[in-house]
1. Could you tell me which GluC sites (Glu not before Pro) in the stretch 1-75 are loop residues by DSSP with no more than 14 other beta carbons within 10 angstrom of their beta carbon?
2. Specify which residue in the list Phe25, Ala37, Pro74 is farthest towards the positive end of the charge dipole of the chain, using unit charges on the beta carbon of Lys, Arg (+1) and Asp, Glu (-1), about the Cα centre.
3. Report the residue, chosen from Asp58, Asp43, Asp66, that carries the largest GNM mean-square fluctuation when the chain is represented by alpha-carbon nodes joined by springs under 10 Å.
4. Is the shape of the stretch 33-80 rounded, prolate or oblate, going by the alpha carbon gyration tensor and its root eigenvalues a ≥ b ≥ c, with a/c under 1.5 for rounded and a/b larger than b/c for prolate?
5. Once phi is turned into ³J(HN,Hα) by the Karplus curve 6.51 cos²θ - 1.76 cosθ + 1.60 with θ = phi - 60°, what whole-Hz value does each residue of the stretch 55-63 show in order, with x for glycine and proline?
Amino acid sequence: MTPTGHADTVPVTRVEVLDFVGELFGDGPVSRGELLAAARAEDARPLLYEVLDAALPDRPLTGLADLWRHVDVPEDLAAAR
């Protein structure tokens, strides 16, 4: 949760996505299920899980560029303003 206690109002960013699922990329394609399982296992906040669940395709992603084609979030909080 954020220091202000409003985790549901802070937008999901690429930095946050990478914190939870970034390590999965690098050894070949990553499935939707693997990405969602990693986010849940790492205790991602509900909004991040919801964004991934809504955006990820039902096919393996080949890398980060492929991920960002589907997960359209700002790079960081400064970019979200």
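No value in this document is a laboratory result; all are computed from the given coordinates. Treat the numbers as computed from the prediction; the structure is a model and nothing was measured. Quick reminder, even Gly has a Cβ in these numbers, built from the backbone with ideal geometry, and neighbours come from all protein chains shown.
1. Numbers: sites: Glu16, Glu23, Glu34, Glu42, Glu50, Glu75; in loops: Glu42, Glu75.
In loop regions of the stretch 1-75 (DSSP not H, G, I, E or B), the sparsely surrounded GluC sites (Glu not before Pro) are Glu42, Glu75.
2. Pro74
3. Greatest mean-square fluctuation among the candidates belongs to Asp58.
4. Working: a/c = 1.90, a/b = 1.10, b/c = 1.72.
The shape class here is oblate.
5. Computed from phi, the couplings for the stretch 55-63 are 9, 5, x, 8, 9, x, 9, 8, x Hz.
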